[in-house]
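Below: the structure, in C-alpha cells.
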Amino acid sequence: MSLLVVGLSHRSAPVSVLERAALSADAQAKLLQDTLAAEPAAEASVLSTCNRIELYADVDKFHAGVAELSTLLAQHSGVGLEELTPYLYVHYEDRAVHHLFSVACGLDSMVVGEGQILGQIKDGLARSQELHTAGRLLNDLFQQALRVGKRAHSETGIDRAGQSLVTFGLEQLAVGRPVDVWAKDKRALVIGAGSMSSLAAATLARTGVAEIVVANRTLERAERLAQILSEPGGTGVAARAVPMDAVGDELTRADVVVSCTGATGLVLSEAEILRATEGRTGGLALLDLAMPRDIDGAAHRIGGVRFVDIESLAEASADAPMAADVDQVRGIVSDEVAAFGAAQRAATITPTVVALRTMAADVVTGEIARLDGRLPELDEKQRAEITQTVRRVVDKLLHAPTVRVKQLAAEPGGAGYADALRTLFDLDPEAVAAVSRADLNELNEPVAKNRGRAS
C-alpha cells in the first residue's frame with residue numbers, strides 16, 4: 001500500500017483560498033482522469049466538500065506523487081501552484097488512513113461530530129467507481145471509512161460534541177436563543193435543492209417555521225423537495241417551489257434565508273439584499289453554506305441583517321468546547337487504522353497464495369493424467385481414491401505455510417513475504433498478476449452499489 005493524500009481544508013487554508021479552489025462536479029471528474037493518467041498514480045479518488053478538497057491516490061513514488069498531485073490540484077482548481085502550496089497538507093500510508101477515518105468520524109470537521117461528511121465520502125467513492133479510477137485500495141479505504149464513521153456515531157456520543165453545519169449555523173443566527181423559539185412562525189427561503197439545502201430545509205421545518213420556499217435553477221428539483229417537505233409523511237410544513245428568477249421577490253418576504261448552491265458567482269448581491277430590507281420592520285437572517293460563497297460578503301455591513309457564512313462559522317466553531325466522547329472516537333480511529341493496515345498487508349499475499357495453490361492443483365492434475373497413462377487398468381473408484389489422496393497430501397503440506405505467511409504478512413514489515421513465496425516456489429509473476437486483475441474486475445462490476453447519500 002502506497003496511499004497518498006494531498007489536500008487543503010478550513011484547518012490549513014483561509015476561506016478565500018478554499019472558495020477559489022472549489023471544484024465543480026465536472027472538474028472533479030477531469031481531475032480524477034488526469035490523476036490516473038499521471039505516471040505515479042494507479043488509483044484516485046476526490047473528497048470535495050464546502051470546506052475541504054482532498055485528492056487520494058495509490059502511488060508508486062512518494063516525492064513524485066506529491067509533486068504530481070499538488071500540480072494537478074492547482075491546475076484544476078485554478079489557484080496557482082505557488083499560491084496553493086503553503087496551504088496544502090500531505091499524509092502518507094497509515095497517516096493518510098488515520099486522516100480519512102478522522103474525517104469520517106467528524107473529528108476534522110468545522111463542527112466536531114457532524115454527520116454530513118459521511119454522505120460526501122459516499123459521493124466521492126461513487127464518483128471514482130463510476131469513472132473506474134478507484135481500485136482495490138481506495139474502494140477498501142473509503143468503504144471502511146464509512147463503517148468507521150458509522151461506528152463512531154453509534155458507539156459514542158460524538159453527536160453531542162457538535163451538530164450539522166446547518167444546525168450550527170442556525171444557532172449562530174439565533175444568537176443564544178433556542179433555535180425553535182427563534183425560528184417559530186418565520187418565513188424561510190432555501191436557495192438550492194442539493195443535499196445540504198435539503199438538510200437545511202428539513203432542519204428549518206423541524207424548528208417550526210411557518211413556510212419554506214425552495215428556489216433552484218432546475219425547478220423540478222425544487223418542486224420535488226417542496227413536495228417531500230409538505231406531504232403528510234414528510235415534515236408537514238407549508239412548502240412551495242419557485243424558479244431562481246423569483247428569488248428577488250421572495251427575499252422581500254423572507255425572514256431567514258439559507259443558500260447552498262453550486263453556482264460559481266454570487267446568488268444574492270448587496271444591491272438585492274438592500275432592496276429586500278427597505279421598509280422592513282423585522283430583521284433578515286442570512287446563512288450562506290456554499291463554497292464558493294452564494295451571498296455577497298457586504299451583507300455584514302447592512303443594517304438589520306444578521307449574516308453567517310462559512311468563514312464566521314469557522315471562527316465560532318474554533319471556540320466550541322470539545323466533548324469527552326471525542327477521546328473515545330480517537331481511540332476507535334486508532335484501532336481501526338491498525339486493523340485496516342493489517343488487512344491490507346495480509347491482502348497483498350493473497351494473489352501469491354492463490355497462484356501457489358493453482359500451481360499445486362495443476363501439478364496434481366498433471367500427475368494424475370500421467371498415472372492414467374501408466375496404469376490404464378485402474379477403475380473409476382480407484383482413480384478417484386488416488387486423486388483425493390494426492391490432493392489431501394498437497395493441501396496438508398501447503399496449509400501451514402500459507403496460513404502462517406498470511407499472518408506474517410499482516411504484521412508491520414511483512415510485505416517481503418510475498419516476494420519470498422514467489423521466489424521459493426518459482427511462481428510465474430504473470431500468474432500472480434492475473435489473480436489480482438481478476439479480483440479487480442470482479443470489484444468494479446457492481447459500480448452502482450454505493451450510489452446515494454448518507455443522511
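The simple Förster model, with R0 at 60 Å and r as the Cβ-Cβ distance, assigns THR85 and ARG391 a FRET efficiency of 0.50. The spread of Cα positions in the chain, taken along each principal axis and listed from longest to shortest, comes to 106, 53, 42 Å. The 1.4 Å probe gives accessible areas that order VAL354, VAL329, largest first, as VAL354, VAL329. Identify the residues of segment 226-263 with backbone N under 16 Å of a label point that sits 7 angstrom from the Cα of ARG275 along the Cα-to-Cβ direction, or state none. Zone members listed by number: 243-254.
The share of alpha-carbon pairs in segment 268-402 lying farther apart than 19 Å comes to 74%.
Using a simple spin-label model with pseudo-atoms 7 Å out from Cα toward Cβ, HIS132 and THR264 lie 2.9 nm apart. Excluding same-chain neighbours fewer than eight residues apart, the lysines reachable from LYS406 by a Cα-Cα span under 28 Å are LYS61, LYS396. Tell me, Kirkwood radius of segment 45-110 from alpha-carbon pair distances, in Å? The answer is 12.8 Å.
Here segment 1-108 is assigned +1 on the Cβ of each Lys and Arg and -1 on the Cβ of each Asp and Glu. Its dipole about the Cα centre then comes out at about 280 debye.
Peptides 97-106, 268-277, 372-381, 307-316 ranked from most to least packed give 97-106, 307-316, 268-277, 372-381, packing being the mean of other C-beta atoms within 10 angstrom over each peptide's residues. For the pair THR358 and GLN75, a Förster radius of 51 Å applied to the C-beta separation gives a FRET efficiency near 0.70, rounded to the nearest 0.05. Highest average first, the peptides 27-38, 119-130 ordered by how many other beta carbon atoms sit within 10 Å of their residues are 119-130, 27-38. Note: segment 20-79, Cα convex hull, 70 Å³ per residue.
Solvent-accessible surface of protein heavy atoms, probed at 1.4 angstrom with all chains present, puts ARG357, ARG404, ARG345 in the order ARG404, ARG357, ARG345, largest first.
The translational diffusion coefficient of segment 94-193, from Stokes-Einstein at 37 °C and 0.692 mPa s with a Kirkwood hydrodynamic radius over alpha carbon pairs, comes to 214 µm²/s.
Take HIS153: with every protein chain present and a 1.4 Å probe, its accessible area is about 40 Å². Take each peptide in 287-298, 178-189, count the other Cβ atoms within 10 Å of every residue, and average; sorted highest first, the result is 287-298, 178-189.
Where only DSSP H runs of four or more residues are counted, the chain gives -18000 deg cm²/dmol as its mean residue ellipticity at 222 nm, each run worth -39500 (n - 2.57).
The values are calculated or read from the model by the stated rules, or taken from the named source; none is laboratory data. Only a predicted model underlies this, so the values are computations on that prediction, with no experimental measurement involved. Virtual Cβ from ideal backbone geometry, glycine too; neighbours counted across all protein chains shown. Accessible surface is based on the protein model in full, side chains and every heavy atom, while ligands, DNA and RNA are left aside. Shrake-Rupley method; radii C 1.70, N 1.55, O 1.52, S 1.80 Å.
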